[in-house]
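Participant: One structure, pasted below without further comment.
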Amino acid sequence: MSEKARCTAKVQIFNLKFNNNAFETFKLKKLMYSKQIIAIIILMTLSFTSANAGKSEKITLGAGCFWCVEAVFQRVNGVLKVESGYSGGAIANPTYMEVTSGLTGHAEVIQLTFDPEKVSLAKILEIFWKTHDPTTLNRQGADVGTQYRSAIFFHNENQRIVAEQLKAQLNQAQIWDKPIVTEITAFKAFYKAEDYHQNYYNENSNQSYCQFVIVPKLKKFEQLFQDYKTK
């Protein structure tokens, strides 16, 4: 089976597996932060922005299928570039077929470049955590496997500190019913995915996977982050 056929098969398999229970796993729980969490996010935002004025930043994030994550962050004001790819594995330049086997250790990720004067690192991570379920290990809904794990690959020490502190505060506040299992790991390499994975939702929005999985995430993003939506 070719890689593109395998990609198409993923959509077809989803059609068979999809049901109301699977859909509910894509809904985050207790999405309203406490005043304490909001204050922490604001402080992180101010400190990070002042320290990086005039500079763009990169961070690499895994939150299940990269089609979903790409679609969300393409709509965030201040995000300059989004690419889908693979990180965290044992071999260089993996193919989609190799990654989906689960044998390479890679996660499906997006690597985004953002302007911290328009959107802070803390806000990027808030959007990241609120638009997927960070409490399910190696799984997002019907997508199961280590390639679908929740992961932050930090590019500098500040990103590690902010991610770990925010993760700890969210766990302490019990925003979700279960602890966050997001992996926070130093970035090593990013391998851009095949061309047909790039800009996937925008070019395939009528696909059933896009309609049933990606569209609800986009609606949730638009509802929770109206001030950060691109015009």
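The values are calculated or read from the model by the stated rules, or taken from the named source; none is laboratory data. A quick note: this is a predicted structure, and the numbers were derived from the prediction, not measured. No Cβ is skipped: glycine too gets one built from the backbone with ideal geometry, and neighbour counts run over all protein chains shown.
Participant: Is it the case that the stretch 218-225 has a residue that's within 30 Å of residue 89 (Cβ to Cβ), surrounded by fewer than 14 Cβ atoms within 10 Å (Cβ to Cβ) and modelled with pLDDT of 95 or more?
Facilitator: No, every residue in the stretch 218-225 fails to be within 30 Å of residue 89 (Cβ to Cβ), surrounded by fewer than 14 Cβ atoms within 10 Å (Cβ to Cβ) and modelled with pLDDT of 95 or more.
Participant: Going by what's in this entry, would residue 168 be described as small (Gly, Ala, Ser) and either in contact with a Phe, Trp or Tyr (Cβ under 6 Å, 6 or more places away or on another chain) or without any contact (Cβ under 8 Å) to a residue 24 or more places away in the chain (or both)?
Facilitator: In short, yes.
Participant: Continuing with the same structure: Considering only residues that are out of contact with any helix residue (DSSP H, G or I) (no Cβ under 8 Å at 6 or more places or on another chain) and not in a loop (DSSP other than H, G, I, E, B), which ones fall in the stretch 188-205?
Facilitator: Across the stretch 188-205, the qualifying residues are 191, 192, 195, 203.
Participant: What strands (runs of 3 or more DSSP E) completely inside the stretch 78-175 contain at least 2 residues that are surrounded by fewer than 21 Cβ atoms within 10 Å (Cβ to Cβ)?
Facilitator: 79-87
Residue-by-condition table, conditions (1) farther than 11 Å from residue 71 by Cβ; (2) aliphatic (A, V, I, L, M):
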position	(1), (2)
185	yes, no
190	yes, no
193	yes, yes
196	yes, no
199	no, no
215	no, yes
222	yes, no
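Participant: Here's something else I'd like to know. Identify the single condition in (1) in contact with a Ser or Thr (Cβ under 9 Å, 6 or more places away or on another chain); (2) at pLDDT 95 or above that residue 164 does not satisfy, given that it satisfies every other one.
Facilitator: All conditions are met except number (1).
Participant: Test residue 180 against the criterion of being within 16 Å of residue 107 (Cα to Cα) and touching a Leu at 6+ places or on another chain (Cβ under 9 Å), and give yes or no.
Facilitator: no
Participant: Looking at 220, 178 in this structure, which one is charged (D, E, K, R), in contact (Cβ under 8 Å) with a residue 12 or more places away in the chain and touching a helix residue (DSSP H, G or I) at 6+ places or on another chain (Cβ under 9 Å)?
Facilitator: 220
Participant: Kindly indicate the residue of the stretch 208-231 that is assigned to a helix (DSSP H, G or I) and of a type in the set (Phe, Trp, Tyr) and also nearest to the chain's Cα centre (by Cα) among those meeting that condition.
Facilitator: My answer is 221.
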